[in-house]
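The structure under discussion appears below in the form of structure tokens.
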Amino acid sequence: MASLRATVYGRVQGVFFRAFVQEWAEQLNLTGYVRNRPGGAVEVMVEGGKPNLEKLLGYLKTGPPAARVEGVKSEWAEYTGKFSKFKVTF
């Protein structure tokens, strides 16, 4: 188990990126959140099994069809268990 914080840059707001992340996170049994950040980036804070976190990180680098991901900054940390589900926050 681990935690992953990722910031996704590019054309990632207004293209259903948060819904895309939520769908994959739920399919991968991950908990945490996704939200838009000022300046056009998307922030993802997620916890779960490391193999599934690595899968999600791969999906973040691609994004949904309308997105254009220019970069992903990621940071790994210890699992905290503070999230009970995955949600989109505002």
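The values are calculated or read from the model by the stated rules, or taken from the named source; none is laboratory data. None of the values given here were measured: they were computed from a predicted structure. Here the Cβ is made from the backbone with ideal geometry for all residues, glycine too, and neighbour counts use every protein chain on show.
Before moving on, here are some points about what is shown:
- On the stretch given as the range 1-42, residues that are under 16 Å from residue 82 (Cβ atoms) and within 8 Å of the chain's Cα centre (by Cα) total 4.
- Taking the criterion of being buried (at least 20 other Cβ atoms within 10 Å of the Cβ) and aromatic (Phe, Trp, Tyr), the residues of the range 1-23 that qualify are 17, 20.
- Here the range 70-90 is the region considered, the condition is being more than 20 Å from residue 27 (Cα to Cα) and assigned to a loop (DSSP other than H, G, I, E, B), and the residue that is modelled with the highest pLDDT is 80.
- Qualifying residue in the range 4-15 (condition: in contact with an Asp or Glu (Cβ under 7 Å, 6 or more places away or on another chain), at positive phi and modelled with pLDDT of 95 or more): yes
- Taking the listed residues 58, 32, 48, 39, the one that is surrounded by fewer than 13 Cβ atoms within 10 Å (Cβ to Cβ), on the phi > 0 side of the Ramachandran plot and out of contact with any helix residue (DSSP H, G or I) (no Cβ under 6 Å at 6 or more places or on another chain) is 39, with no other qualifying.
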